[in-house]
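Participant: Got a structure for you, questions after.
The values are calculated or read from the model by the stated rules, or taken from the named source; none is laboratory data. Note that the coordinates shown come from a computational prediction; the quantities given were computed from them, not determined experimentally. Cβ placement follows ideal geometry from the backbone for every residue including glycine, while neighbour counts extend to all protein chains displayed. For the accessible areas, the whole protein counts, side chains as well, though only heavy atoms, and no ligand, DNA or RNA atoms are used. Shrake-Rupley method; radii C 1.70, N 1.55, O 1.52, S 1.80 Å.
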Amino acid sequence: MMKRLFLLLLVVCCVPKVHSTPNIPQLYQTLDSLIAFSDEIMTAKERHIESLGNGLQGIHLSSSQRYEFNMRLYDEYVAFRFDSAYYYIRKNISLAEQEGVPQEQYAASLIRLSHILSVSGLFNKAERILTTIHPERLSDTDLVDYYNQRVEINLYRSEMAQYSPFFSEYIDSAQYYRQKVMQVAPKESFAYITNYAGYICETGDIDGAIRMFERYLPTFQSGDRRYSIVASTLAFFYMRKGDQQMQERYLLLSAISDVQGAILENISFRELSLFLLDRGELEKAYIYLSRASGDAKAYGSGLRSLQVARLAPVITNAYDLARNQTQRRTNILLLAVSVSALLLLALMLFTLSLLRKRRIASRKISLMNEELSHHNEEIQTLNGQMKEDNLIKEEYIGRFLQLCSDLVHRGEERNKLLNRLARDRKLEDLYAELKNYTTINEGVRLFHQNFDTAFLNIYPNFIDEVNKLMTEENRFEKPDDAKKLSTELRILALIRLGITDNQRIADILRSSITTIYTYRSKMKARAVSKDTFEDDICKIGTY
């Protein structure tokens, strides 16, 4: 159990952040990993809610305190369990009708009751509750919630009325109440930003809505219900734009947040199953649809269950059809293989009875020839590699042993000089000598000189071979010193020697990694074949 909890913590901590732009396969992998631990996540959610109730056992609460406690439990259950959220908001409505609880809380509870009914698909009941509220008597906070709930009901109704004459009517009504929200809500609030983005999207400014939400999404953590809502709405915006890749990406981020936060009132899994169905990944589409159905049933949402039920026959039939077709193809293939095997067996027996000895001998000779040819090729390849490796070793070992000896000698001489200045207390001279980089620069120059000479002794035609890979106007000029390389050619020389990491090249050449990256990018841009340029450099030979 502890091991699974540790793995769960590891998976949750590794959930990709929006700014890291993980690719879609990575997001699917993260989502599937979280699904594997969904039981533990649900259990943790239930224990958390249970601990809230246990913490108040034996404590006498006033009506106002009981109201606040019930509201907290409602918030915990609102996207987790329909019946529990309904139970606690009904208790608050009863409390609000009693003395000791401010009457404005009665309207706030009715608005939340309308929400919990609307997400379950009971639109008429939800709207009848709203009609009992007088907006002019509400505080600004409650008025925002009231108008926001009006928006929500109309959007839910539009989902159920797609391709019908009533769809536009519900959207227009939602737009009207969005304007009402924007007139009252603070401009930095969740209600204002979500309604404003939805409003401008419907008026045609989809890119503006996307920009607003992509800046807003990182302000929440994955697992927060608001994160899930913003991510799934971004997916809707990209769907309106026709960008399926980004739509799929944000659906995945929303689904990951839903699982991580035990949010069962969701739409992401259902929408993802449609993507997978279109791509022909029927088995995974079926798994995600089953997940959507399970979440809807566990939550108790009639709306989500109905939406899943509409989609289920499409995926189930496609899954069954594909499975049946695969089974038929398999049966036909097995029959064809069986018949072919029988015919081949008969032919083999007939042939073996006439040519058995000759065929065996010919086969042995052919196999031996193939093996000999293969071994010869391997030997030639190994000989070439050994010859080149030996040449590299002989050239570099001698030169760099001498270089190391020279540098050690120079270091000893400089150390003696510094000791002498320190001993004689010639501090100004000592400080001047410490600031003198002539010795270091001379060492770098010697290193470059030895490297260039050794490399060009091994690869004498290297510059000519590199120029063959460059466009005509971008070829390198041969330096006056035949044994000297430019900085760009040194980078290519290191790549030829198998050193391709930018940091290692920067360390060797005592340069910045940005400079190395810039040189490599520019040289690729000047190459005849940009995609294979560095691979072609690695193929330059010594002969």
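Participant: Scan the stretch 488-501 for residues that are assigned to a helix (DSSP H, G or I), modelled with pLDDT under 90 and more than 14 Å from I540 (Cβ to Cβ) and jot them down.
Facilitator: Within the stretch 488-501, just E488 meets the criteria.
Participant: Scan F166, F190 and give me the residue that is open to solvent by 70 Å² or more (accessible area, probe 1.4 Å) and of a type outside the set (K, R). So that I can check it myself, show each step before the final result.
Facilitator: On the way: F190 fails: open to solvent by 70 Å² or more (accessible area, probe 1.4 Å).
Only one candidate passes the filter, namely F166.
Matching residues to (1) open to solvent by less than 20 Å² (accessible area, probe 1.4 Å); (2) modelled with pLDDT under 85:
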| residue | (1), (2) |
| --- | --- |
| G53 | no, yes |
| I59 | no, yes |
| S62 | no, yes |
| D75 | no, no |
| Y87 | no, no |
| Q98 | no, yes |
| R112 | no, no |
| V119 | yes, yes |
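Participant: A527 is checked against (1) at pLDDT below 90; (2) surrounded by 15 or more Cβ atoms within 10 Å (Cβ to Cβ) and fails just one. What number does that condition carry?
Facilitator: Just one mismatch for A527, condition (1).
Participant: Identify all residues within the stretch 503-534 that are touching a Lys or Arg at 6+ places or on another chain (Cβ under 6 Å) and assigned to a loop (DSSP other than H, G, I, E, B); write none if there are none.
Facilitator: Within the stretch 503-534, just K530 meets the criteria.
Participant: Report the residue count in the stretch 504-519 for those that are in contact (Cβ under 8 Å) with a residue 12 or more places away in the chain and more than 18 Å from H448 (Cα to Cα).
Facilitator: So the count comes out to 1.
Participant: Here's a follow-up. Considering only the stretch 426-460, state which residues are part of a loop (DSSP other than H, G, I, E, B) and at pLDDT 80 or above.
Facilitator: If the condition is that a residue be part of a loop (DSSP other than H, G, I, E, B) and at pLDDT 80 or above, then Y459, P460 are the ones that fit.
Participant: Still on this structure: Checking K483 against (1) surrounded by 15 or more Cβ atoms within 10 Å (Cβ to Cβ); (2) outside any helix (DSSP H, G or I); (3) among the basic types (K, R), which single condition isn't satisfied?
Facilitator: Checking K483 against (1) surrounded by 15 or more Cβ atoms within 10 Å (Cβ to Cβ); (2) outside any helix (DSSP H, G or I); (3) among the basic types (K, R), the one that fails is (1).
Participant: Is the stretch 124-147 home to any residue that is surrounded by 16 or more Cβ atoms within 10 Å (Cβ to Cβ) and under 30 Å from the mean Cα position of the chain (by Cα)?
Facilitator: No; the residues of the stretch 124-147 include none that is surrounded by 16 or more Cβ atoms within 10 Å (Cβ to Cβ) and under 30 Å from the mean Cα position of the chain (by Cα).
Participant: Here's a follow-up. Among the residues of the stretch 465-474 satisfying the criterion of being over 38 Å from the mean Cα position of the chain (by Cα) and farther than 19 Å from F455 by Cβ, which is surrounded by the most Cβ atoms within 10 Å (Cβ to Cβ)?
Facilitator: Result: N474.
Participant: Would you pick out the residues in the stretch 524-543 that are closer than 11 Å to L492 by Cβ and in contact with an Asp or Glu (Cβ under 6 Å, 6 or more places away or on another chain)?
Facilitator: I540 - this is the single residue of the stretch 524-543 that is closer than 11 Å to L492 by Cβ and in contact with an Asp or Glu (Cβ under 6 Å, 6 or more places away or on another chain).
Participant: Is there a residue being of a type in the set (D, E, K, R) and not in a helix (DSSP H, G or I) anywhere in the stretch 154-165?
Facilitator: Within the stretch 154-165 (the criterion being of a type in the set (D, E, K, R) and not in a helix (DSSP H, G or I)), the answer is no, since none of the residues qualifies.
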